[in-house]
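Undergrad: The structure under discussion is supplied below as structure tokens; questions concerning it will follow.
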Amino acid sequence: MTDQASQTVRTEIAQIIEALANARYKRVRKKLRHMHPAKVASLIEAIHPEQRVALWQQVDASHEARILAHLNAELARVLRSDSREAVAALDESADDDGRAASTQMGDVIDALDRGKLKRVSRIMRDMHPAKVAGLLESLPPRERSAAWSMVETDRAAKVLPYLHDETCATLALDMDHEDLVAAARRLDLDDLVDLIQALPEEHGRGLLQLAGGRHREKIESMLSYAEDSAGGLMNTDQIAVRPEVRLEAVLRYLRVVGTLPVQTDKLMVVDRKGNYRGVLDLSILVTTPSDQRVQDVMNTSLSAIPVDLPADDVARLFQDHDLLSAPVVDDRGRLLGRITVDDVVDLIRENSDRAMMQLAGLDQEADMFAPVMTSSRRRAVWLAINLVTAFVAAWVIGLFQTTLERVVALAVLMPIVASMGGIAGSQTLTLVIRGMALGIVQGSNARALLAKESGIALINGLLWAVVVALLAIAWFGDWQIGAVIGAAILINLLFAALAGLAVPLVLHRFGVDPALAGGVILTTVTDVIGFFAFLGLATVVL
């Protein structure tokens, strides 16, 4: 072997060892596919024994026999045994489509720990892309990176749209540039737009530059709309026809196209200027005599969605009218694209996740396994806000320090007053936020809702005021303490109902998401009112 050839082999060995060490298994597989079996055998014999198994796991099954023929007998026997064990494990899990996600995650982690990477690949290959995405997001960072490297590029294109933005960006940047570009070219336009928005600006701009001229114009147009608008949900993958053509011509055109865009239940009807005129249901198209014209059978009752309509209103339209797809138009009535039900379902799920996470002051897009410092920084903001509100409540308590020193029983009973008010207020707050999200609760019906919630608070307040008062009298043997805590609970529950309704409406008026800040403000209000009422009454009565 010449010096140059030896240097080439050493360079390849170094590159493969580095890729193995960094869990860049996809890069290793690409290199091995372009190498002669004898050369692969030489690499296997040259590297450290602990790395041989990991390298062997990246060899395609169709190439194993030719590589084994070039190895010494003992090493070939060991690797052949490893392959048989892998096949047995794969056969064992071949019928595991219905297995619990927790079991699959355990299998993947176990296989990664044992270096059984082919088993990891097989487990994920038999799973739906959405389940693969869920599995990846459930894995710690190191295992996630290793498992992701076992997902082939064409498969990765199907998995990326199901990942949350932060995880999607991390895994996309973990891919080799050419693999990321290849995966991006397999994405639908709306999914590609989501990927570009999730990536850091320079990487997203790079993907955009690689798009063809016509596609780039569409992508740039979609990127220009706000994410929480109809334009942000819209995709341009649609089929439009003219109203004057006959159904026979439409059918011929569809046969030429060959494949309909996903979630296509209707064709858009536009005039020569591109203005929206109606829709042609596929059921009408295939059941109506083909000599009729589109304009004779098209549906003109389906109103188009304005491109700037808020996304939540779009979701309500789909829910109210049981839509599978709907056209989107600009302010001049020109057809821009369509929104499909799968994107609306994603929106509803994301809104639900966001509302739940924001109640705790968290970001729904945050990676569960994000770095400790990053997660700490995100949570610190709301901890600081909560600290401020806690000091407000503590200040109120401090105003009655003398009363507390004189009647120690008050300190024992204070948490009851605050807790009852907090729970009652949270019930009203949750009801109002949900009603606002559905468009049911508005300023016009707030007074009627306040009357209803006040009635509920009055009834529950009287009931539990009596119960708690009797318990306090039995506990401390003092009817005055019982009367004070009973009155305080009644007052706090009434104010909690008022705050539970007023806080989200006021926050919404000032453009603040009630789901994000409502809970913190409500807790402060109920604590302050509860402590002030309880300790103030105690100061007067006792």
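Undergrad: What is the packing order of peptides 398-408, 519-529, taking the mean over residues of other C-beta atoms within 10 Å and listing the highest first?
TA: Descending mean neighbour count gives 519-529, 398-408.
Undergrad: Further question on the same structure: Can you run phi through the Karplus equation (6.51, -1.76, 1.60; θ = phi - 60°) for segment 456-471 and list ³J(HN,Hα) in whole Hz, with x for Gly and Pro?
TA: 4, 5, 5, 5, 5, x, 4, 4, 7, 5, 5, 4, 5, 4, 5, 5
Undergrad: How many percent of the alpha carbon pairs in segment 102-261 exceed a separation of 29 Å?
TA: Summing the P(r) of segment 102-261 above 29 Å gives 32 percent of all pairs.
Undergrad: For K158, what is the net charge nearby, where nearby means another residue's Cβ is under 12 Å from its Cβ and Lys, Arg count +1, Asp, Glu -1?
TA: That sum, taken over residues with Cβ under 12 Å, equals 0.
Undergrad: A further question follows. List the trypsin sites (Lys or Arg not before Pro) within segment 277-351 that fall in a DSSP loop (any state other than H, G, I, E or B) and whose Cβ has at most 10 other Cβ atoms within 10 Å.
TA: R332
Undergrad: May I pose another question? Take every DSSP beta bridge whose two residues both sit in the chain, then give the antiparallel share in percent to the nearest 5.
TA: Taking every DSSP beta bridge with both residues in the chain, the antiparallel ones total about 80 percent.
Undergrad: Also, quick follow-up: So what J values fall out for segment 113-124 if you push phi through Karplus, 6.51 cos²θ - 1.76 cosθ + 1.60 with θ = phi - 60°, rounded to Hz, Gly and Pro as x?
TA: 4, 8, x, 8, 6, 5, 5, 4, 4, 5, 4, 6
Undergrad: For each of K118, K131, count neighbouring Cβ atoms within 10 Å of the residue's Cβ, then give the residues from fewest to most.
TA: K131, K118
Undergrad: I need the shape label for the chain. Rule: rounded when a/c is under 1.5, else prolate if a/b > b/c, else oblate, with a, b, c from the alpha carbon gyration tensor.
TA: oblate
Undergrad: Would you please give the residues with an amide H less than 5 Å from that of G278, counting only those at least 5 places away or on a separate chain, with H modeled from the backbone geometry?
TA: Correct list: V269.
Undergrad: Can you list the residues, at least 5 places off or on another chain, whose amide H is less than 5 Å from the amide H of G337, using H built in the peptide plane?
TA: V328
Undergrad: Taking other Cβ within 10 Å of each residue's Cβ, how do H164, H48 sort, fewest first?
TA: Least crowded to most crowded, the residues run H48, H164.
Undergrad: Take the alpha carbon gyration tensor of segment 240-358, find the square roots of its eigenvalues, order them as a ≥ b ≥ c, and report rounded if a/c is under 1.5; if not, report prolate when a/b exceeds b/c, else oblate.
TA: prolate
Undergrad: Whole-Hz Karplus ³J(HN,Hα) for segment 125-132, in order, using 6.51 cos²θ - 1.76 cosθ + 1.60 and θ = phi - 60°, x for Gly and Pro?
TA: Working through the residues one at a time gives 5, 8, 9, 5, x, 5, 6, 4 Hz.
Undergrad: Checking the table K26/K266; K116/K158; K30/K218; K118/K218; K39/K158; K31/K116 against a 29 Å threshold on Cα-Cα, which pairs fail?
TA: Beyond 29 Å between Cα atoms: K26/K266; K30/K218; K118/K218; K39/K158.
Undergrad: For segment 372-541, what does the alpha-carbon gyration tensor say about shape, rounded, prolate or oblate, given a ≥ b ≥ c as the root eigenvalues, a/c under 1.5 as rounded, and a/b over b/c as prolate? Walk me through the intermediate numbers first.
TA: Working: a/c = 2.60, a/b = 1.37, b/c = 1.90.
Verdict is oblate for segment 372-541.
Undergrad: How much net charge surrounds L180 when only other residues with a Cβ under 12 Å from its Cβ are counted (Lys, Arg +1; Asp, Glu -1)?
TA: Combined, the nearby Lys, Arg, Asp and Glu give -1.
Undergrad: If neighbour count is taken as other Cβ atoms inside 10 Å, put F391, F534 in order from fewest to most.
TA: Values: F391 11, F534 27.
By the 10 Å Cβ count, ascending: F391, F534.
Undergrad: Looking at segment 194-299, send over the antiparallel percent of its DSSP beta bridges, to the nearest 5.
TA: Details: 7 of 9 bridges.
Around 80 percent of the beta bridges assigned by DSSP in segment 194-299 are antiparallel ones.
Here, each number is a calculation from the coordinates, and none is a lab measurement. Computed from a predicted model, the values in this text were never measured in an experiment. Cβ coordinates were reconstructed from backbone atoms using ideal geometry, including for glycine residues, and neighbour counts include every protein chain displayed.
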